[in-house]
Amino acid sequence: QVQLVESGGGLVQAGGSLRLSCAASGRTLSRYNMGWFRQAPGKEREFGAAVSRSGGSTLYADAVKGRFSLSRDNAKNTVYLQLNSLKPADTAVYYCAMTYSDYVYGRNEYAYWGQGTQVTVSS
C-alpha cells in the first residue's frame with residue numbers, strides 16, 4: 001500500500017520560509033516523478049512544482065518560480081519543498097503526489113497523493 005505523508009506546514013509571516021517534506025512508503029520513490037500541488041480555499045488544486053525521478057530536473061509554476069525549491073533524496077524515500085519569500089497568496093493546503101507520467105503538470109496524471117499539510121502566511 002502506497003502512503004505519502006507530508007509534514008512541515010505551519011503559520012509564518014510574509015517573507016518567511018518553510019520546508020515541507022513528503023515521506024513515501026510502499027513504493028520505490030526513484031521510479032516516480034514527484035509533484036507538489038496546492039489548494040487554496042474555494043479554488044482548484046493547482047500545480048506548484050515537480051521533480052524528475054533522478055532529481056536532475058525540476059519544473060515550477062510561474063507563481064512560485066524563484067522562491068520555491070524542490071529536491072528529493074531517493075535513499076530516504078523523501079521529497080522536500082523549500083518555500084522562501086512566502087506571500088499571503090501562498091496560503092493553501094500543500095499536497096505531494098506521485099506519478100509514472102512524464103506530463104507532470106496535470107493533477108489527473110498522479111496516482112498517489114498525500115493528505116496535505118496546511119501553510120498559512122500572514123501579512
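Any chance the stretch 94-115 includes a residue that's at pLDDT below 95, among the basic types (K, R) and open to solvent by 50 Å² or more (accessible area, probe 1.4 Å)?
So far as the stretch 94-115 goes, yes, one or more of its residues are at pLDDT below 95, among the basic types (K, R) and open to solvent by 50 Å² or more (accessible area, probe 1.4 Å).
Among the listed residues S52, S21, identify the single one that is open to solvent by less than 60 Å² (accessible area, probe 1.4 Å) and farther than 17 Å from Y94 by Cα. Reasoning before the result, please.
On the way: S21 fails: farther than 17 Å from Y94 by Cα.
Just a single option satisfies the conditions, and that option is S52.
I'm trying to understand the selection: among the residues of the stretch 83-105, which are over 20 Å from S30 (Cα atoms) and either assigned to a helix (DSSP H, G or I) or touching a strand residue (DSSP E or B) at 6+ places or on another chain (Cβ under 8 Å) (or both)?
Here is the first cut: in the stretch 83-105, the ones over 20 Å from S30 (Cα atoms) are 83-94.
Answer for the stretch 83-105, where residues must be over 20 Å from S30 (Cα atoms) and either assigned to a helix (DSSP H, G or I) or touching a strand residue (DSSP E or B) at 6+ places or on another chain (Cβ under 8 Å) (or both): L83, N84, L86, K87, P88, A89, D90, T91, A92, V93, Y94.
When the stretch 31-49 is examined, which residues are found to be open to solvent by 50 Å² or more (accessible area, probe 1.4 Å) and either in contact with a Leu (Cβ under 7 Å, 6 or more places away or on another chain) or closer than 16 Å to Y100 by Cβ (or both)? I'd like the intermediate steps shown before the answer.
Within the stretch 31-49, the subset open to solvent by 50 Å² or more (accessible area, probe 1.4 Å) is 31, 39, 41-46.
Passing the criteria: only R31.
Take the residues of the stretch 55-76 that are part of a loop (DSSP other than H, G, I, E, B) and modelled with pLDDT of 95 or more: which is surrounded by the fewest Cβ atoms within 10 Å (Cβ to Cβ)?
Narrowing the stretch 55-76 to residues part of a loop (DSSP other than H, G, I, E, B): 55-57, 61-67.
With the extra rule that they be modelled with pLDDT of 95 or more, the set shrinks to 57, 61-67.
Numbers: S57: 11, A61: 16, D62: 6, A63: 14, V64: 23, K65: 10, G66: 9, R67: 15.
In this case the residue turns out to be D62.
The values are calculated or read from the model by the stated rules, or taken from the named source; none is laboratory data. Bear in mind that the values here come from a model prediction, so they are computed numbers and not experimental data. We place every Cβ from the backbone using ideal geometry, glycine too, and count neighbours over all the protein chains shown. Please note that ligands, DNA and RNA were not included when accessible areas were found on the heavy atoms of the full protein model with its side chains. Shrake-Rupley method; radii C 1.70, N 1.55, O 1.52, S 1.80 Å.
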